[in-house]
1. Evaluate E = 1/(1 + (r/R0)^6) for LYS259 and ARG31, where r is the Cβ-Cβ distance and R0 equals 30 Å; express this FRET efficiency to the nearest 0.05.
2. Order ARG146, ARG70, most accessible first, counting only protein heavy atoms with a 1.4 angstrom probe.
3. Counting pairs of alpha carbon atoms under 8 Å apart in space and at least six apart in sequence, what relative contact order in percent does the stretch 1-118 give?
4. May I ask you to list, by number, the DSSP H helices of the chain whose Cα span along the axis is at least 15 Å and whose average Kyte-Doolittle hydropathy reaches -0.5 or more?
5. Can you compute the label reach from ILE272? Point 7 Å from Cα along the Cβ direction, backbone N cut-off under 11 Å, restricted to the stretch 155-182.
6. Give the carbon-plus-sulfur fraction of the accessible surface of the stretch 1-137 in %, rounded to a whole number; probe 1.4 Å, heavy atoms of protein chains only.
7. So how much accessible area does SER157 have, in Å² to the nearest 10, using a 1.4 Å probe?
8. Could you tell me how far the Cα centroid of the stretch 219-240 sits from the Cα centroid of the stretch 1-49, in Å?
Amino acid sequence: MTYKQIDIANISVSNNLPLVLFGGLNVLESRDLTLSVAENFKATCAELGVPLVFKASFDKANRSSINSFRGPGLEEGLNWLAEVKSQFNMPIITDIHEPDQAAAVSEIAEVLQLPAFLSRQTDLIVAMAKTGAAINIKKAQFLAPREMLHVLKKFESEGNQRLMLCERGSSFGYNNLVVDMLGFSIMKQFDYPVIFDVTHALQKPGGLANSADGRRQQVTALAKAGLSQGIAGLFLEAHPDPDNALCDGHCALRLDQLKPFLRQMQELDGLIKSQPDIDTA
């Protein structure tokens, strides 16, 4: 089957091309941590030959509690991301929450991310589409895979077809998410690249007193299951000290595990994509 290919800087993303990693920090905590983590991701991916788009959020606007850490904000956050981009020569992905952020963020980030909770917000979609940037569309926890076609059509109506769909789990009762592996093949029918946000899929929303809990001990098992579906890439957050991370540390991979983890994922991705699809219809 032929799939659409999305080009991001010098990286090509498609369901039948080798694995691309969209990886980095959940949220920008400090300039020094940002540069240190970016350097680690860059070195590891260069050694393994895995294309990398560096991810970090300048604002986490959907935290559980008013007291939760949100990040440095738009101006300072974009300055840090611009420094990462310049120093390590790699493309950037970051999420926005309001239509008036789209233009400014697209000057720094090659990929704009539509947050899962906002994936039906038409005004935000229109503003993002008009930038011409590549878009990573997080599938809302409350939407079925087939419903993502409507979101794609909104972007396409504004002339933007540089689109990717990102699975991050579906709501399953209180404080829990599940990943429907059959959903990947449904979204692949739209031909756009499909990404798996494996760390956010490990969330247990509201699982702690004032924040989400998580199951990072299962990150390898879940990532392997997702890659078995023949997808374009992984979305992954890592931290040198997850227990003390300021956001979603319970889901984050330990940074010192990135290389062995990614080596396994790369080998599995190659095996899956070397096998022809079997028509069982």
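1. On the way: r = 24 Å, r/R0 = 0.81.
That pair, LYS259 with ARG31, gives E of 0.80.
2. Working: ARG146 165, ARG70 110 Å².
Most to least solvent-accessible, the answer reads ARG146, ARG70.
3. Numbers: 170 pairs, mean separation 26.3, N = 118.
In percent, rounded to a whole number, it is 22.
4. Helices meeting the criterion: 31-48, 74-88, 258-273.
5. 181-182
6. Numbers: 2550 of 5640 Å².
Percent of accessible area from carbon and sulfur atoms in the stretch 1-137: 45.
7. Accessible surface of SER157 is approximately 90 Å².
8. Answer, in whole Å: 13.
The values are calculated or read from the model by the stated rules, or taken from the named source; none is laboratory data. Because the structure is a prediction, the values reported are computed rather than measured. Backbone-built Cβ (ideal geometry, glycine too); neighbour counts: all protein chains shown. For accessibility, only protein heavy atoms count, side chains too; no ligands or nucleic acids. Shrake-Rupley method; radii C 1.70, N 1.55, O 1.52, S 1.80 Å.
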